[in-house]
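Just below is one structure, and these are the notes that go with it.
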Amino acid sequence: AVCSMGNSTSRLYSVLAKTLSSGAVSQHQDCLEQLDSAQLDPIDPKDLLEECQIVLQKRPPRFRRNFVNLKKNTSSNHRPIRVMQWNILAQALGEGKDNFVQCPMEALKWEERKCLILEEILAYKPDILCLQEVDHYFDTFEPLLSRLGYQCTFFPKPWSPCLDVEHNNGPDGCAMFFLKERFELVSSANIRLTAMKLKTNQVAIAQTLKCHETGRLFCIAVTHLKARTGWERFRSAQGCDLLQNLKNITQGAKIPLIVCGDFNAEPSEEVYREFSNSSLNLNSAYKLLSPDGQTEPPYTTWKIRPSGECRHTLDYIWYSQHALNVNSALGLLTEEQIGPNRLPSFNYPSDHLSLVCDFSFNQDPDRLL
């Protein structure tokens, strides 16, 4: 059975009637073989946003966040590329394992929470969307975002903790979406990260895209590193493995690179330093919001668990600073907006904040590293 988004005759959600609402990934994939999303009618994003807002009418309005202009006095003759990074919180983990003690279970109901997630995506209209903890890819994100014009890729964790939760919706993983009208896929790699030469449960997707407007190539990657205190060396090894893969894909930084991820690592950790000091010449975009341009935000996740309050900076958008400029970045939620019960909440669907940046190509593509 398929749950509707309020109106059982919804024209937009009729696609979900042809997909499974639960079960293993293989079942979803079998279903998708019978359902070619490209043959379905496109969705007007305004109509989908309106439908989400109907479902959410009993909830408080979404938070307002403003973009901060970071553009220097450099002219660009092409539209910026908007990239959105977000750990959306796997539904099975939010309901079954994460134990957000101040968040009512009612706030986590998927039928409404998915509308909050979609509302956030639709509000910022990213050209490229990078998500972690996606466990409703086949019944929600792929069917809908493909009809909004996105090309969609999903790579699940081999041993997702979601599978331990009763009534789960399959494994969670990383997902990447890009607008086909703006980019052409040149190559794609699903990477299972290694640590100490052992394959791990963490993954990444790296895709090389060609920008239709400029003809320029660039690589976009999404990842989600191992969580928890005590795993710092493990994360460091995973980061080294990812960097090596990206060096190969970008031909040693000849192709500009953007890396989005939940690194589960504060800026004080070794894996952060590895990315900062890499030969790929990466910078963290959200540092540019600070007065000195050198300091990460005070938090990208803020939650309360039985063990106490957790306020950390774990999410990043890294970029090739020799080849790309950050035109603007979306400001974070204030403590007042987040509220005393922290995240997730009736206002906000995840325990992580979304990060959004507008990039432009450096006008001198032959500029030396």
| Carbon plus sulfur fraction of accessible area for the chain, probe 1.4 Å, in percent | 48
| Considering the chain as a Gaussian network with a 10 Å cut-off on Cα pairs, which listed residue, GLN102, GLN57, GLN207, attains the greatest mean-square fluctuation? | GLN57
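Checking the table LYS226/LYS303; LYS97/LYS157; LYS114/LYS199; LYS125/LYS180 against a 20 Å threshold on Cα-Cα, which pairs fail?
LYS114/LYS199
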| What whole-number value in Å² describes the accessible area per residue of the chain for a 1.4 Å probe? | 44
| said: Around SER276, under 14 Å between beta carbons, what's the net of Lys plus Arg minus Asp minus Glu among the other residues? | reply: -3
| query | Just the accessible area for HIS322, please: 1.4 Å probe, Å², rounded to the nearest 10? | reply | 20
| remark: Within region 173-215, the residues whose backbone N lies under 15 Å from a label point placed 7 Å from the Cα of LYS97 along the Cα-to-Cβ direction are 173-174, 201-203
| Using modelled backbone amide H atoms (1.01 Å from N, in-plane), which distant-in-sequence or interchain residues come within less than 5 Å of GLN102's amide H? | ILE304
| remark: For SER76, placing the label point 7 angstrom along Cα-to-beta-carbon and taking region 153-196, residues whose amide nitrogen sits under 16 Å are 179, 182-183
| query | Which of PHE63, PHE234, PHE154 moves the most in a Gaussian network model of the chain with Cα springs under 10 Å? | reply | PHE63
| note | Taking only the Cα positions of the chain, the convex hull volume per residue in Å³ is 139
| message | Viscosity 1.306 mPa s, temperature 10 °C: give me the Stokes-Einstein translational D for region 224-350 in µm²/s, with Rh taken as the Kirkwood radius over C-alpha pairs. | response | 100
| note | Among THR208, ALA195, GLN363, the residue whose Cα sits farthest towards the positive end of the charge dipole of the chain (+1 at Cβ of Lys and Arg, -1 at Cβ of Asp and Glu, taken about the Cα centre) is GLN363
| field | Beta bridge orientation in the chain: antiparallel %, DSSP, nearest 5 | value | 85
| query | All other residues with a Cβ under 13 Å from the Cβ of THR295 taken together, and with Lys, Arg as +1 and Asp, Glu as -1, what is their net charge? | reply | -2
| Lys, Arg +1 and Asp, Glu -1 on Cβ, resulting dipole of region 147-277 about Cα centre, debye, nearest 20 | 420
| note | Full extension between GLU111 and THR214 adds, at 0.36 nm per residue less the Cα distance, a length in nm of 33.1 nm
| query | Does region 103-198 classify as rounded, prolate or oblate by the C-alpha gyration tensor (a ≥ b ≥ c root eigenvalues; a/c under 1.5 gives rounded; else a/b over b/c gives prolate, otherwise oblate)? | reply | oblate
| task | In nm, give the distance between the simple-model label positions of GLU335 and LYS125, each being 7 Å from the Cα along the Cα-to-Cβ direction. | result | 3.5
| field | Ranking by accessible area, most exposed first, for ARG311, ARG228 with a 1.4 Å probe | value | ARG228, ARG311
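The values are calculated or read from the model by the stated rules, or taken from the named source; none is laboratory data. Just so we're clear, the structure is a prediction, and the values are computed from it rather than from any experiment. Positions of Cβ are backbone-derived with ideal geometry, glycine not excepted, and every protein chain shown enters the neighbour counts. With ligands, DNA and RNA removed, areas are computed over all heavy atoms of the protein, side chains included. Shrake-Rupley method; radii C 1.70, N 1.55, O 1.52, S 1.80 Å.
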